[in-house]
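Just below is one structure, and these are the notes that go with it.
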Amino acid sequence: MKKCSIFFSLFLLVLSATAQPVFTKADTLRGSLNENRDWFDIKKYTLYINPNLETHSLEESVVVWESKVVKKHNKIQIDLQQPLLIDSIQFSALIPTTNSYAVWNKRRKINFTREGNIAIANIDTTLSIGATFQLSIAYHGKPREAVRPPWDGGWIWKKDANGKPWVSVACQGLGASVWYPCKDIQSDEPDNGVNIYIKAFDGLQSLSNGRAVVFEEGSNMDGHWMVRNPINNYNIIPYIGDYVGWSEKYKGLKGDLDIHYWALREDSAKARIQYLQVPQMIKAFEYWFGPYPFYEDGFQMIQSPHLGMEHQSAIAYGNKFANGYLGRDLSGSGWGLKWDFIIVHESGHEWFANNITSKDIADMWVHEGFTNYSETLFTEYYYGKEAGNDYNFGSRKNIKNDRPIIGHYGVNEEGSGDMYSKAGSMIHGIRHAINDDSLFRSILVGLNKDFYHQTVTTAQIENYISTKSGINFSKVFDQYLRTTQIPTFAYSYDAKEKILTYQWKTCVNGFDMPLHFTYSGTQFDFLPSDYLPQKRLIKLDQFDPLAFGKAIQRQYYVQIEIEK
């Protein structure tokens, strides 16, 4: 009986390790461009947000969609997560007139049905391709409250040290529909930006993305914020608190960049010191990635009631005004304590996540891998190439290899958390395989130029790097993004003949990553094969096989195997 029990437990363990995740209809509705989503293109959102700071609810709030028809259909999916309630949906279309102008026809209520976290509205008419229409969605309710933001999303209702309200939202992954009705998928950003109106509160500032718009006297809205550029849904965020603000102009690659800083009143002195790292960050990243992508909207660093998030043009900062990650160096190298992790990492997302956005969150490595590598590049820019190598190597201790980095498509599923350190280490390896820092930098700048303000697939990014580098990295991407195997550089050394025999193992068929590295003051350039051992004469007086392998690992995320 005991043997049977052990066998059954082992069977369940194997089954759980190999079982595929089960996805629901709701997952597909959220993660795919179905027939009720693919026929219109969001051009602009306008949000009228009326939070009640006492009841932690949203009252009489409205979101207006402006959309363009790309194919004929008349049912529309609206994402709004429970327990928020839709009160009404009104429709109007832009009607051409004889004098070449167009006017909005009168808004009329349309019917809708609710199913879980979506609503399906019927607009009662079929619009022609190219037509523009508006939906005005009135809603209210008590939105989900975040338990452990930013990892667990929702509204954050806190008090500052003086007992004043301090409120914001974090919703990456969970989705912007946790707090406002939207087309909650990354592949459709509002091309013409967003207007955000936030209710006024005595003694508090209401902040958001982009630039503040001056109000007319008597307005009951404290914050009218305007974003001119396309923006991810999850990046549109309100901040409400007793903020103190100040500004500066940064002389950047595209001229004067307006930088605005915000901190709670009691923390403003510490913030003025820590925020001095912001211009340093912009200088380094404009060097590596090209111009900051949102000059028209400016740049803001805003103290937040959670650790941090890449809210476009309004970065959320909650790192307690200390270097490192809450005072720790995630790499263990010592270099991570030289700079503020949240200022560097979350701002790096302005280029990779906000400028270049993955269409499907299964490809989130495009956001997190490049931004993880931005930490290495920042370190290198200010402290030298070896410091960058140290930081990148140390960061690998966070890799789990639990599942592939790329998730399942069409079901709103991210892949492994290895999209951070493992993908960043992959990029580091690709850089050294290219073996030309000028070319590598031009690829990073080119990505941000050629995919400027676009949503992309992993295939587009992979092909771009291969094409621009002149090296086919397809097998390298397959290895690191689509498997959990760590490629092994296996080798043996004949000390008498001074011959090194080497090849790739534990890798996808055809894995062929070039190796360029320095050992004992000598540059080595290898193109190992995964199927045929190769030989190389090593002309060194002394050769330490273990130190040789470690020299490779400083620049490439690989295992080494010294064969007898």
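The values are calculated or read from the model by the stated rules, or taken from the named source; none is laboratory data. As the structure is a prediction and not an experimental result, all values here were calculated from the model. Here the Cβ is made from the backbone with ideal geometry for all residues, glycine too, and neighbour counts use every protein chain on show.
Quick look at the numbers
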item: Selection within the range 502-528 - over 14 Å from residue 432 (Cα atoms) and in contact (Cβ under 8 Å) with a residue 40 or more places away in the chain; result: 505, 506
item: Some residue of the range 428-437 being in a loop (DSSP other than H, G, I, E, B) and at pLDDT 95 or above; result: yes
item: Residues located in the range 340-349, provided they are touching a residue at least 60 places away in the same chain (Cβ under 8 Å) and either closer than 27 Å to residue 519 by Cβ or in contact with a strand residue (DSSP E or B) (Cβ under 8 Å, 6 or more places away or on another chain) (or both); result: 340, 343, 347
item: Within the range 166-190, tally of residues that are closer than 18 Å to residue 37 by Cβ and in a loop (DSSP other than H, G, I, E, B); result: 11
item: Considering residues of the range 47-102 that are of a type in the set (Asp, Glu) and closer than 18 Å to residue 138 by Cβ only, the residue surrounded by the most Cβ atoms within 10 Å (Cβ to Cβ); result: 79
item: Selected residue [surrounded by 24 or more Cβ atoms within 10 Å (Cβ to Cβ), in contact (Cβ under 8 Å) with a residue 60 or more places away in the chain and within 18 Å of the chain's Cα centre (by Cα)] from 313, 331; result: 313
item: Members of the range 108-121 that are surrounded by 15 or more Cβ atoms within 10 Å (Cβ to Cβ) and touching a Phe, Trp or Tyr at 6+ places or on another chain (Cβ under 7 Å); result: 110, 119, 120, 121
item: Tally, over the range 272-330, of residues that are charged (D, E, K, R) and assigned to a helix (DSSP H, G or I); result: 5
item: Considering residues of the range 120-138 that are touching a residue at least 60 places away in the same chain (Cβ under 8 Å) and in a strand (DSSP E or B) only, the residue farthest from residue 74 (Cα to Cα); result: 138
item: Subset of the range 184-196 (residues that are under 18 Å from the mean Cα position of the chain (by Cα) and of a type in the set (D, E, K, R)); result: 184, 188, 189
